[in-house]
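Chemist: Next up is a structure, given as structure tokens.
The values are calculated or read from the model by the stated rules, or taken from the named source; none is laboratory data. Every value quoted in this text rests on a predicted model; they were computed, and no experiment measured them. A quick note on method: Cβ atoms are made from the backbone with ideal geometry, for glycine too, and the neighbour counts reach across all protein chains shown.
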Amino acid sequence: MRLEPTPRSEQTVRVSARLITSSTILHLSTEELEHAINQEQIENPALDITEQRVCLFCGTRIYGNVCTACGCFALQEQFTQPLPPEPETSPLYEQSTEPWTAQQQQIPYDMDNYGFMEIDGDDAYDPMARIPTNETLSEMLLQHLEALISPDDALIAEQLVGNLNERGYLEISTQQIAEHLEVPLERV
């Protein structure tokens, strides 16, 4: 029997203070978590808590009433973080019974959202307008060719790109393109 040193891996569980704290936080209910956060804020005055409104559909930060990531329209009651109460009488706003106007009055001023409140507060917001349109291959080729060729050859380039099939081959001959444009074959 021959004895040789061989490497051997061994797994051990080490409980750290961070692991205990995180597992304790994960087991708290919502009310208990809010109470624990308030207690920590009282004990540590340097702790700064920033409340954010989050889209319940996709989880991103939301400005106004429409999520800019998914386009989901959220009513005031659906926000995860409550807004500060509105004063009874406000000289800046008209009192209205319409729910949309009341919601617009309750939107707080957010420094991170400077300039975007008008976009998000618009009731004619169309989330489909934010989706970028994809350019076709021929449009992209023509844009690239504009920088490379002279303006005189732009019509020839348009004919060449327009007659490419889905595999990138010309469907007609260069002779036919030259005849159609009434230019010499050498230019095509």
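Chemist: Quick one: count up the residues across the range 12-31 that are within 32 Å of the chain's Cα centre (by Cα) and of a type outside the set (A, V, I, L, M, F, W, C). Give the derivation first.
Modeler: Keep residues of the range 12-31 that are within 32 Å of the chain's Cα centre (by Cα), which gives 22-23, 25-31.
Within this subset, residues satisfying the condition of being of a type outside the set (A, V, I, L, M, F, W, C) are 22-23, 27, 29-31.
Selection size over the range 12-31: 6.
Chemist: Among the residues of the range 151-160, is any surrounded by 12 or more Cβ atoms within 10 Å (Cβ to Cβ), in contact with a Gly (Cβ under 6 Å, 6 or more places away or on another chain) and either modelled with pLDDT under 85 or farther than 30 Å from Cys70 by Cα (or both)?
Modeler: No, the conditions are met nowhere in the range 151-160.
Chemist: Do you know which of the residues in the range 24-57 that are free of Cβ contacts under 8 Å to residues at least 12 places away in the same chain, hydrophobic (A, V, I, L, M, F, W, C) and surrounded by 11 or more Cβ atoms within 10 Å (Cβ to Cβ) is nearest to Thr68 (Cα to Cα)? Even if it seems obvious, please write down each step before you answer.
Modeler: Start the filter on the range 24-57 by keeping residues that are free of Cβ contacts under 8 Å to residues at least 12 places away in the same chain, which leaves 24-36, 38-48, 50.
Cutting the leftovers down to hydrophobic (A, V, I, L, M, F, W, C) gives us 25-26, 28, 33, 36, 42, 46-47.
Of the ones still in play, those that are also surrounded by 11 or more Cβ atoms within 10 Å (Cβ to Cβ) are 25, 28, 33, 36.
Numbers: Ile25: 30, Leu28: 31, Leu33: 28, Ala36: 32 Å.
Checking each candidate, the answer is Leu33.
Chemist: What single numbered condition from (1) exposed (fewer than 12 other Cβ atoms within 10 Å of the Cβ); (2) modelled with pLDDT of 70 or more; (3) in contact with a helix residue (DSSP H, G or I) (Cβ under 9 Å, 6 or more places away or on another chain) fails to hold for Thr21?
Modeler: (3)
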